Amino acid sequence: MTKETNWWKKSVVYQVYPRSFYDSNGDGIGDLQGIISKLDYLAELGVDVIWLSPVYDSPNDDNGYDIRDYQNIMDEFGTMADFDELLEAAKERNLKIIMDLVVNHTSDEHAWFVESKSSVDNPKRDYYIWAPGKNGQPPNNWGSVFGGSAWQWNEETQDYYLHLFSKKQPDLNWEHEELRQSVYDMMRFWLDKGIGGFRMDVINFISKVPGLPDGDKKEDQAFGDGSPYFMNGPKIHDFLHEMNQEVLSHYDVLTVGEMPGASPKEAIDYTNPENKEVNMIFTFEHMDLDSGQNGKWDLKQLDLIDLKENLEKWQTSLQGKGWNSLYWNNHDQPRIVSRFGDDGEYRVQSAKMLGTCLHMMQGTPYIYQGEEIGMTNVAFETIDQYKDLETLNMYNEKIEQGVDHNTIMQSIYTKGRDNARTPMQWSSEKNGGFTTGTPWIEVNPKYTEINVENDLQSEQSIFAHYQQLISLRKQLDVITNGDFNLLFKDHPQLFAYERKTEAESLLVLCNFSKKEILLEKDVVKNYSTNSKVIVRNYSSVELLNDFVLRPYEALVFYSSKSE
Ligand code: NOJ
């Protein structure tokens, strides 16, 4: 049943990475009671939905994205009673909780896999993807996302299983009807508790091309690229439609599919309400613009024109046909203020500018913990201070290939996932107030300056700015429904666009650089006479003659026919 309201189109989502959010019991690891104690903070920010990164029982090879038991809570995070309490406490504050649905793979310690690998005629055998080797080699040449082959040998059955991620994350076989039904049962378990929806981990990887053909392999690479054979695969729409009909359509929920490699055209197929699949997807295209040909660790300077072109394409392609999600950050991405802004002199202005630029677009915005106070990337001195398996595997591989230590560290400082995973900075107390114990990963030393306590004391803070952006979305229909029109396409520093409905319009001007931008008064003529500035990130605005956008300045003009 499609609900007319589509509440998720007007919602703002806040992502919590529980391990690093708030530790209530001093063991150095964030937990569910920690989240409960910070719900008032999230309510004050004004968000509507909390997305919890996985809280399920897990051996934590990939911080919970390797699930051992979908219907139990990870010991370090608490108990199912704590989860129920969290759900209730959130409800009292009108906050919905959405869960991470990780069903492309499980942990190798999941009971299904333990059975599946035990013998070829075990009833759970076909829950996973098994294949014999070829001439003593793995079944095909695919590499795993986290390095090495995507195949792992299993002694008991003398064959290989597929793992697109770590070898402790075997891929599930979605061709198997009983497996799909088991996943749907598990989804109902959580939905019946009253959760508000799911963020679906790499959900466009679940349908693999039959025969699992070799991928193209560049001469200097050890493995082939299997992605054309598992991204947006042949049965993906059937599987998502079935999941929708069997489960999701019976609840009024938000669904967002994480979909690397999906184009706007594919996004429309996934999110067009007529197709009954998911509400929206996470695209990766804008996050890949500062990577070279050899992937994320191959550093490249962002060209603002590329970013504008890309976001314009998503905004205009999906208008009226599908729905966008909007994000700069998550637990896999470096901190946006360090990435596309300036984490030095202009940290506050650039963090507010980036928030403004994103939040005035069409779609459902996602804020990642710490973004609302302008948390920055971290540069730990030694590799031992890093915890993420992707980073560590890459480091070891490159060292073996003879790449110089400092070059690798530069890539880690710029792109490593641990940039996002250092503990939330609550105060200037020891460990940023995150824990009274020893944090599982060190706190970013900038916590003495950048922390929630400081931001809550100032009306000019980044937090206050995000509060305003969120509340404007509730007040102005044009933010949800307006058309998008990019202006100054070729300007190398200015990101400017209009949003329009019959009744309202917005002009958004964002300076993405330290350089001043001289704008002729004509540019904002229509706006400056009939409109007011509703968002700004400098304390005063002067719009007399030609005017200057100062470093990282952001302005939003609003006009309405009824005013
Ligand atoms: C995407 C998740 O966001 C990431 O953190 C994880 O490592 C992979 N999927 C595998 O689950």
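Of the residues making up segment 113-145, those that are touching a residue at least 40 places away in the same chain (Cβ under 8 Å) and open to solvent by 40 Å² or more (accessible area, probe 1.4 Å) are 117, 126, 145.
Only residues that are within 24 Å of residue 489 (Cβ to Cβ) and modelled with pLDDT under 75 were counted in segment 509-543, giving 9.
Given the criteria open to solvent by less than 40 Å² (accessible area, probe 1.4 Å), away from the ligand (no atom under 16 Å from the Cβ) and in contact (Cβ under 8 Å) with a residue 60 or more places away in the chain, does residue 333 qualify? For residue 333, the condition - open to solvent by less than 40 Å² (accessible area, probe 1.4 Å), away from the ligand (no atom under 16 Å from the Cβ) and in contact (Cβ under 8 Å) with a residue 60 or more places away in the chain - is not met. Here the strands (runs of 3 or more DSSP E) wholly within segment 21-128 that include at least 2 residues being over 21 Å from residue 180 (Cα atoms) and away from the ligand (no atom under 15 Å from the Cβ) are 49-52, 96-101. Kindly indicate the residue of segment 251-290 that is open to solvent by less than 20 Å² (accessible area, probe 1.4 Å), over 13 Å from the mean Cα position of the chain (by Cα) and small (Gly, Ala, Ser) and also farthest from the ligand (Cβ to nearest atom) among those meeting that condition. Per the criteria, the residue is 267.
When 223, 239 are checked against the criterion of being open to solvent by 50 Å² or more (accessible area, probe 1.4 Å), more than 22 Å from the chain's Cα centre (by Cα) and either basic (Lys, Arg) or on the phi < 0 side of the Ramachandran plot (or both), 223 stands alone in meeting it. The single condition from (1) more than 16 Å from the ligand (Cβ to nearest atom); (2) polar (S, T, N, Q); (3) surrounded by 16 or more Cβ atoms within 10 Å (Cβ to Cβ); (4) without any contact (Cβ under 8 Å) to a residue 40 or more places away in the chain that residue 158 fails is (3).
Is at least one residue of segment 216-225 among the polar types (S, T, N, Q) and modelled with pLDDT of 95 or more? No, every residue in segment 216-225 fails to be among the polar types (S, T, N, Q) and modelled with pLDDT of 95 or more.
Quick check on residue 296: is it touching a residue at least 40 places away in the same chain (Cβ under 8 Å), open to solvent by 20 Å² or more (accessible area, probe 1.4 Å) and within 16 Å of the ligand (Cβ to nearest atom)? Spelling it out, residue 296 is indeed touching a residue at least 40 places away in the same chain (Cβ under 8 Å), open to solvent by 20 Å² or more (accessible area, probe 1.4 Å) and within 16 Å of the ligand (Cβ to nearest atom). Within segment 197-215, being of a type in the set (Asp, Glu) and either open to solvent by 30 Å² or more (accessible area, probe 1.4 Å) or in a helix (DSSP H, G or I) (or both) holds for one residue alone: 214. Reported count of residues in segment 458-491, each being out of contact with any helix residue (DSSP H, G or I) (no Cβ under 6 Å at 6 or more places or on another chain) and outside any helix (DSSP H, G or I), is 12. Restricting segment 83-105 to residues that are touching a Leu at 6+ places or on another chain (Cβ under 7 Å) and surrounded by fewer than 19 Cβ atoms within 10 Å (Cβ to Cβ) leaves a set whose member that is farthest from residue 35 (Cα to Cα) is 93. Here residue 536 meets each of (1) in contact (Cβ under 8 Å) with a residue 24 or more places away in the chain; (2) surrounded by 14 or more Cβ atoms within 10 Å (Cβ to Cβ); (3) under 15 Å from residue 558 (Cβ atoms) with one exception, condition (1).
Does segment 386-435 hold any residues that are under 29 Å from residue 42 (Cβ atoms), more than 16 Å from the ligand (Cβ to nearest atom) and outside any loop (DSSP other than H, G, I, E, B), and which are they? Hits for segment 386-435 are 430, 431, 432, 433.
Do you know which of the residues in segment 167-183 that are under 19 Å from residue 231 (Cβ atoms) and open to solvent by less than 10 Å² (accessible area, probe 1.4 Å) is nearest to the ligand (Cβ to nearest atom)? Spell out how you get there, then give the answer.
The first filter runs over segment 167-183 and keeps only residues under 19 Å from residue 231 (Cβ atoms), leaving 169-175.
So of that shortlist, the ones also open to solvent by less than 10 Å² (accessible area, probe 1.4 Å) come out as 169-172, 174.
Details: 169: 6, 170: 12, 171: 11, 172: 12, 174: 15 Å.
If we take residues in segment 167-183 being under 19 Å from residue 231 (Cβ atoms) and open to solvent by less than 10 Å² (accessible area, probe 1.4 Å), then 169 is nearest to the ligand (Cβ to nearest atom).
The numbered conditions (1) within 16 Å of the ligand (Cβ to nearest atom); (2) open to solvent by less than 10 Å² (accessible area, probe 1.4 Å) are all true for residue 148 except (2).
The values are calculated or read from the model by the stated rules, or taken from the named source; none is laboratory data. Please read these numbers as outputs of a predicted model, since none were measured by experiment. Glycine gets a Cβ as well: all are built from the backbone with ideal geometry, and neighbour counts include every protein chain shown. Please note that ligands, DNA and RNA were not included when accessible areas were found on the heavy atoms of the full protein model with its side chains. Shrake-Rupley method; radii C 1.70, N 1.55, O 1.52, S 1.80 Å.
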